[in-house]
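Heads up, the thing below is written out as structure tokens.
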Amino acid sequence: MGPPPARRHMRLVSASKWYPPPADHDGHHVDRVYRLRLVAFVPLRDGRRRVVAVVERSDFEGELGTMLRRGLVVFAASLLLALFQGLLFSRRLTRPIEVVTGMAGRIARAPGGPWETVPVRTNDEVGELATAFNQMIARLNEARVGLERRIAEATRHIATLYEVARTTTSTLEIKDVLTLVAEKTLATLDLPQLVVLWHPSDLGDVVDAYAAAANGPGEHLEIGQPVDLADLCPGARPTVAPLPALGASLPAAVAERLVAPRVLCLPIVFKDRLLGVILAGLRAHAPAPDLELAAALANAVLFEAVRQKEVELRKLSRLRAELQEDSLRAMSRELHDGFGQVLTVINMDLGLVERNLERGPAAMRTPLRDARDQLTALLQGVRTMSQVLRPPMLDFGLVPTLHWFVEKFIERTQIAVALRTPPEETRLPAPIELLLYRVAQEALTNVAKHARAHHVDVELAVLDGQAFLCIADDGVGFEMERFRRKPVLAGVGLLGMRERVAYYRGGLDIRSRPQAGARITVTIPLGETTSDGGGVA
Ligand SMILES: Nc1ncnc2c1ncn2[C@@H]1O[C@H](COP(=O)(O)OP(=O)(O)O)[C@@H](O)[C@H]1O
Ligand SMILES: [Mg+2]
């Protein structure tokens, strides 16, 4: 089926040109008015005739104009529609970004939280984004809370470690260090109870034990059997073990304190040596604490304590050497200036006696009396010196020696002293008598040197297998904090006192405040005297 031939052959020609009338003009009227027309013609099938269509050009153009206008309206409408759609589309793209930006802005304005969630209004991508954002905020909130908790924990740990280090510098007593280790470990790791087992260096396999509980005072435990600490902490590693697994390694007194099903074992290690073990009962469902932190805590305390002891030991040995040097120098001066001169005078007197031999006894009387006076003074000097070195009176007991010393003190200083002692015949082991005498001597010398006191109370008592000595004055006192912060600042007197008392496993308590006097209390257990202690005190 081909296209209709009429169409095929129709030609549109501009009427502005002159077309000659067709040859087979059949007498139709031809309008000769000169107007622009559009003429179309097409030959008929017979080949001789044609169909001619004539349209006024203005009509044609009018039609065309209408069509064009319609097209334009349609085009503008489509353009507007397309623009609107584009706008909608871009809005859909940018809104999620706006939401995210808004949220980010809010988080930036309140970095500490809490952060609000975005309302979910639609079910589309924006709704999805809001939901996702809310989930993210929830997770962020969780992370923030967790972080805050961890920061608070870390701060607490740091504060504890700081306090531990600060406090250990103020004490030299191993008992105090133990108590501190126990209390700090309990509090920091939030444990219900624990026991610190400790090898005193001089007692072989025997251990010291200190038990502490979160809700009560701590106490020293009597351990009646040797304990191998390495059995409790194999390889000196922190572990958590079931209580029964520790079995026979655990002394009964310690096992009693650890009623929990699981036990935290923390080795206390210093310079690769296992010095002690902390055993802590864990509540049935409590998570095991951070083992590394716990071990670090226990060891930090000891490290600090031992370091401090080393520093003080060095200072003491230096001071001891200096003191020895000083006393030798003082003795040599005393011998030279005091005894030397006296002996020279005696020598001269004796020379005089020798020269006056022939002149009879009367001439010898004066130089001989002079020589005797000098000898008496010399004897007195020797006595005083030996009293200072070691009062021979101590052979008759501490009580009479204290009375004698206090009398001399009052005579010398005019400071009133009230002395209370047990009966004269009370005797203590010789090294302890010497130790207590030295403490009283140093404390009273300090009162004379520093206190500007009017009254001193001295009390010696023996009770429940322990000896107590207390010296309290009403003088100017001193600031304890200074020594707490840096015990090495203390003089050799108080430091030496502490060392001597610690050697006999006793306790020394020094209390003082500016303008509130000073009180020194010494407690010595009497059952544990070491036989070689006499010369040390
Ligand atoms: N009873 C006291 N009253 C006031 N201050 C004291 C008293 N005892 C000690 N002090 C103070 O403590 C310091 C340390 O005393 P100590 O160790 O005996 O050393 P030293 O007597 O050689 O100065 C003294 O220098 C003094 O400041
Ligand atoms: Mg002194």
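Would you calculate the separation in nanometres between label points at ARG314 and ALA248, each defined as 7 Å from the Cα along the Cα-to-beta-carbon direction?
4.6 nm
Can you pull the one-decimal nm distance between simple spin-label points at ALA516 and PHE60, each 7 Å off the Cα toward Cβ?
In this crude label model, ALA516 to PHE60 measures out at 12.4 nm.
Using a 1.4 Å probe and ignoring any ligands, DNA or RNA, find the accessible area of ILE107 and quote it in Å² to the nearest 10.
Surface accessible to solvent at ILE107 totals approximately 40 Å².
Round to the nearest 0.05 the FRET efficiency obtained for ALA286 and THR155 when R0 = 25 Å and r is the Cβ-Cβ distance. Please list the in-between numbers first.
Values: r = 22 Å, r/R0 = 0.87.
Here the calculated transfer efficiency is 0.70.
Subtract the Cα-Cα distance of LEU81 and THR117 from 0.36 nm times their separation in residues, and report this length gain in nm to one decimal.
Details: separation 36, 0.36 × 36 = 12.96 nm, distance 3.60 nm.
Answer, rounded to one decimal: 9.4 nm.
Using r as the Cβ-Cβ distance of ARG50 and LEU72, and R0 as 30 Å, what FRET efficiency do you calculate, to the nearest 0.05?
It comes out at approximately 0.20.
Please work out how much accessible surface LEU129 shows to a 1.4 Å probe, ignoring ligands, DNA and RNA, in Å² rounded to 10.
Estimated to the nearest 10 Å², LEU129 gives 50 Å².
Counting only protein heavy atoms and using a 1.4 Å probe, what share of the accessible area of segment 391-537 belongs to carbon plus sulfur, as a whole percent? Could you put the intermediate results ahead of the total?
Numbers: 3790 of 7280 Å².
Roughly 52 percent of what the probe reaches on segment 391-537 is carbon or sulfur.
Explain nothing, just compute: Karplus ³J(HN,Hα) = 6.51 cos²θ - 1.76 cosθ + 1.60, θ = phi - 60°, for every residue of segment 239-247 in order, whole Hz, x for Gly and Pro.
Going residue by residue, I get 9, 10, 10, x, 3, x, 5, 6, x Hz, with x marking Gly and Pro.
Ordered by packing density, taken as the mean number of other Cβ atoms within 10 Å over each peptide's residues, highest first, how do 493-503, 63-73, 372-382 rank? If you can, show how the numbers build up before the last one.
Values: 493-503: 19.6, 63-73: 10.2, 372-382: 13.8.
Result, highest mean Cβ count within 10 Å first: 493-503, 372-382, 63-73.
Rounded to the nearest 0.05, what FRET efficiency is calculated for HIS454 and ARG359 with R0 set to 51 Å and r the Cβ-Cβ distance? Mind dumping the intermediate values first?
Values: r = 59 Å, r/R0 = 1.16.
Efficiency, from the Cβ-Cβ distance: 0.30.
Which far-off residues, 5 or more places away or on another chain, put their amide H under 5 Å from the one on ARG49, with H placed in the peptide plane?
Under 5 Å from the amide H of ARG49 lie the amide H atoms of LEU44, each far enough along the sequence or on another chain.
The values are calculated or read from the model by the stated rules, or taken from the named source; none is laboratory data. Treat the numbers as computed from the prediction; the structure is a model and nothing was measured. Here Cβ is always computed from backbone atoms with ideal geometry, including for glycine, and neighbour counts include all displayed protein chains. Surface accessibility is based on the protein's heavy atoms, side chains included, excluding ligands, DNA and RNA. Shrake-Rupley method; radii C 1.70, N 1.55, O 1.52, S 1.80 Å.
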